[in-house]
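Here the structure is laid out as structure tokens; the discussion comes afterwards.
Throughout, read-outs are computed from the coordinates displayed, never taken from laboratory work. This structure is a prediction, so every number in the text was calculated from the model and none was measured. Here Cβ is always computed from backbone atoms with ideal geometry, including for glycine, and neighbour counts include all displayed protein chains.
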Amino acid sequence: MSNSMSSDVQNRLQWSLFSLRLGVFIVMIMWTLDKFFNPGHSTKIFEKFYGIAGSSDTVAYILGALQLLLVLAFLVGFKKRITYGIIFIIHAMSTFSSYNQYLDGFNNLLFFTAWPMLAACFALYLLRDQDVKFTVK
């Protein structure tokens, strides 16, 4: 492969990984902001999908603050092994905890969007060293 082609492939890979990171960030930031703007929704999700009953708005705010730090670090590519890994694990837990929704798939079609995002998180984790576009060193 010539250097110009190799450079072109590398450039395309970097833009592709950046677009995946940005797309995952958009979903994750909305989930984060939901904890601040609608903490009762988070309480219901904790109970329904994770079996954690009795959490308060304060718990949602604390988790939201921690998640905000994580998703911002993820967006800028800070400590990629850790941040990309945690994002992947969090999203995997969310995806797998929704298993009942998949059993009635046609009434819960939006839940299936979790699977391509999980694949994007996995790809980003595996290719984290090549994901350098707009990241901190």
Segment 111-129-segment 25-90 distance, computed between alpha-carbon centres (Å) = 17
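Note the count of lysine pairs whose C-alpha atoms are less than 18 angstrom apart in the chain, limited to pairs 8 or more residues apart or on different chains.
Lysine pairs meeting both conditions in the chain amount to 6.
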Using label points projected 7 Å from each Cα along Cα→Cβ, tell me how many nm separate SER97 and TYR50, to one decimal.
-> 0.4
Degrees separating the helix 39-50 axis from the principal Cα axis of the chain, which is the longest one | 90
To the nearest 10 degrees, how steeply does helix 57-75 sit against the main Cα axis of the chain, on a 0 to 90 scale?
-> 10
Residues in segment 78-96, backbone N under 20 Å from the label point at LEU127 (7 Å along the Cα-to-beta-carbon vector): list them, ranges by number please.
-> 78-89, 91-92
Protection proxy (average C-beta count within 10 Å per residue), highest first, orders 107-114, 45-52, 123-130 as 123-130, 45-52, 107-114
What does the convex hull of the Cα atoms come to per residue for segment 13-137, in Å³?
-> 101
